[in-house]
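Comments concern the structure below.
The values are calculated or read from the model by the stated rules, or taken from the named source; none is laboratory data. Bear in mind that the values here come from a model prediction, so they are computed numbers and not experimental data. Every residue, glycine among them, receives a Cβ derived from its backbone with ideal geometry; neighbour counts consider all protein chains shown.
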Amino acid sequence: MHDGSLVLAQPRHSDRLLLLFHGVGSSARDLAPLGSALAQARPAATVVSVEAPLPSQLGQGQEWLSVGGITEGNRPQRIAGAMPSFLQAIRHWQDRCGLGPQQTVLLGFSQGAIMALESTQLDAGESGAAHRVMALAGRFAGPVRRAPSDLRLNLIHGEQDDVVWPKWSAQAAAEWSGLGGDVTLDLVPGLGHGIDARALQLALKHLPPG
């Protein structure tokens, strides 16, 4: 199902699963440099860059959901429609690696970050896919409704992002913290909609010890 996904590191005795999720119109290969840096920093971790299942309507790459005609009103419904496939991908790699949610970190960029963030908002019986979500240039589809006590959120966003506005990460951090959740917010000066060396270093800093 996820034939385009890339296993960037899989040590014999892995103690953590790092799953990377790319943006719309992109591919698993585009996050390979980030994944390789994470693998080097955490040599005991299995690192996989997961390919979204749908051909992008932008004309290249893949996507979890279409952004054609997307609005604030229909975004939640589209994300809900894509969520089963997203969760299936997480469980596929957890089963394959023999690691559970408490050993799993989700790291998404743009649409991948949106999906990872929204996976934390499912009902308690449906969520619990990971113990940490690291979102680069992401956002929630609406106000944060729940902040699970066993889940840490790391938000990294370029201050000059004109695709997914940084205000969404700032708002998410305030709402998550207001619900008693554990969250960090890093706004990167001068960075647009992308990942630079500073964002990479922040992601490395927030990785769980290992």
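What the table below lists for this structure:
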read-out	value
Residue match in the stretch 117-139 (condition: assigned to a loop (DSSP other than H, G, I, E, B) and of a type in the set (Val, Ile, Thr))	no
Residue check for residue 57: without any contact (Cβ under 8 Å) to a residue 12 or more places away in the chain and in contact with a Gly (Cβ under 6 Å, 6 or more places away or on another chain)	yes
Complete set of residues in the stretch 115-129 that are of a type outside the set (D, E, K, R) and without any contact (Cβ under 8 Å) to a residue 60 or more places away in the chain	117, 119, 120, 121, 122, 124, 125, 127, 128, 129
Within the stretch 85-99, considering residues that are surrounded by 15 or more Cβ atoms within 10 Å (Cβ to Cβ) and more than 17 Å from the chain's Cα centre (by Cα), the one farthest from residue 117 (Cα to Cα)	97
Candidates 147, 137 - the one that is touching a residue at least 24 places away in the same chain (Cβ under 8 Å) and within 25 Å of residue 66 (Cβ to Cβ)	137
Selection status of residue 66, among the small types (Gly, Ala, Ser) and under 26 Å from residue 10 (Cα atoms)	no
Elements of type strands (runs of 3 or more DSSP E) in the stretch 1-82, at least 1 residues being within 15 Å of the chain's Cα centre (by Cα), of a type in the set (Gly, Ala, Ser) and at negative phi	45-50
Filtered residue count, the stretch 159-179, keeping only those that are part of a helix (DSSP H, G or I) and of a type in the set (A, V, I, L, M, F, W, C)	6
Residue in the stretch 175-184 that is surrounded by fewer than 14 Cβ atoms within 10 Å (Cβ to Cβ) and closer than 30 Å to residue 45 by Cα present	yes
The stretch 120-138: number of residues that are surrounded by fewer than 23 Cβ atoms within 10 Å (Cβ to Cβ) and within 10 Å of the chain's Cα centre (by Cα)	1
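Residue-wise test of (1) under 22 Å from residue 181 (Cα atoms); (2) modelled with pLDDT of 95 or more.
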{"position": "45", "(1), (2)": "no, yes"}
{"position": "52", "(1), (2)": "no, yes"}
{"position": "55", "(1), (2)": "no, no"}
{"position": "59", "(1), (2)": "no, no"}
{"position": "68", "(1), (2)": "no, no"}
{"position": "123", "(1), (2)": "yes, no"}
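Per-residue answers, yes or no, for (1) surrounded by 16 or more Cβ atoms within 10 Å (Cβ to Cβ); (2) farther than 20 Å from residue 164 by Cβ:
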position: 30; (1), (2): yes, no
position: 33; (1), (2): no, yes
position: 37; (1), (2): yes, yes
position: 40; (1), (2): no, yes
position: 45; (1), (2): yes, yes
position: 65; (1), (2): yes, no
position: 77; (1), (2): no, no
position: 80; (1), (2): no, no
position: 83; (1), (2): yes, no
